[in-house]
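Input: a single structure, listed below in structure tokens.
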Amino acid sequence: GQNIDQPTEMTATEGAIVQINCTYQTSGFNGLFWYQQHAGEAPTFLSYNVLDGLEEKGRFSSFLSRSKGYSYLLLKELQMKDSASYLCAVPGVNQGGKLIFGQGTELSVKP
Amino acid sequence: EPEVTQTPSHQVTQMGQEVILRCVPISNHLYFYWYRQILGQKVEFLVSFYNNEISEKSEIFDDQFSVERPDGSNFTLKIRSTKLEDSAMYFCASRRTEETQYFGPGTRLLVL
């Protein structure tokens, strides 16, 4: 089966850096996604990692270690608008390509 | 930038009624999905659709549910006889051949 774990909530200060961790167990691996979801809105794509290492995209970076079943999302220079839920997801093992989501980490950015 | 659209944004219905949720995926996308998210819970996969047929469905997607792509642009989810526990946000998503799925804004369904 497949299982994803991430912290339920985190709090950080405007301008700071925060790291949101995700661990996963999967019978096959086809990459790992991070999505951002504001309350009442759709998930929006942030990053996709399929190889080990850090991928940087502006203020957001995502890291993957396949041997450890571990990823993190790093948010720099936090802004109030970064307050949202951050969802870790992995594709299912069947060809259909479904995404299996973690419960999400609710990030609160405070002034 | 092209995006997935969904209608209606909100739907209120009585238990036992049929509802149809509509989605227009991004035009050159080939794979289509429905997910749901019960308030306060995680996003859950319902069904995937490719080449005019269901490619995978979850245990949630029982005989009450059906999907259709009637005209080459719309992608619909029908719930035949709604139950209270069907109240949720329903998201449509689509992708081309690469992995990334793009989500629509969702339909908030409330069953009374």
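Numbers at a glance
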| item | result |
| --- | --- |
| Test result for B:G40, surrounded by fewer than 18 Cβ atoms within 10 Å (Cβ to Cβ), within 14 Å of another protein chain (Cβ to nearest Cβ) and either touching a Phe, Trp or Tyr at 6+ places or on another chain (Cβ under 7 Å) or at pLDDT below 95 (or both) | yes |
| Count of residues meeting criterion [in a loop (DSSP other than H, G, I, E, B) and more than 20 Å from A:N49 (Cα to Cα)] in region A:8-29 | 5 |
| Strands (runs of 3 or more DSSP E) wholly inside region B:1-60 that include at least 1 residues being among the β-branched types (V, I, T) and within 11 Å of the chain's Cα centre (by Cα) | B:5-7, B:19-24, B:44-50 |
| Scan of region A:4-34 for residues that are surrounded by fewer than 15 Cβ atoms within 10 Å (Cβ to Cβ) and closer than 24 Å to B:Y90 by Cβ, ordered by number | A:T8 |
| Matching residues in region A:88-107 - criterion: being within 23 Å of A:T8 (Cβ to Cβ) and not hydroxyl-bearing (S, T, Y) | A:C88, A:A89, A:V90, A:L99, A:I100, A:F101, A:G102, A:Q103, A:G104, A:E106, A:L107 |
| Checking B:S94 against (1) in a loop (DSSP other than H, G, I, E, B); (2) buried (at least 16 other Cβ atoms within 10 Å of the Cβ); (3) within 14 Å of chain A (Cβ to nearest Cβ), the condition it does not meet | (1) |
| Any hit, region B:67-77, residues being part of a strand (DSSP E or B), within 12 Å of another protein chain (Cβ to nearest Cβ) and of a type outside the set (V, I, T) | no |
| Lone unmet requirement of (1) at pLDDT 95 or above; (2) more than 27 Å from A:G102 (Cβ to Cβ); (3) not aliphatic (A, V, I, L, M) for B:D63 | (1) |
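The values are calculated or read from the model by the stated rules, or taken from the named source; none is laboratory data. Note that the structure is predicted; figures quoted are calculated from it, not measured. Cβ coordinates were reconstructed from backbone atoms using ideal geometry, including for glycine residues, and neighbour counts include every protein chain displayed.
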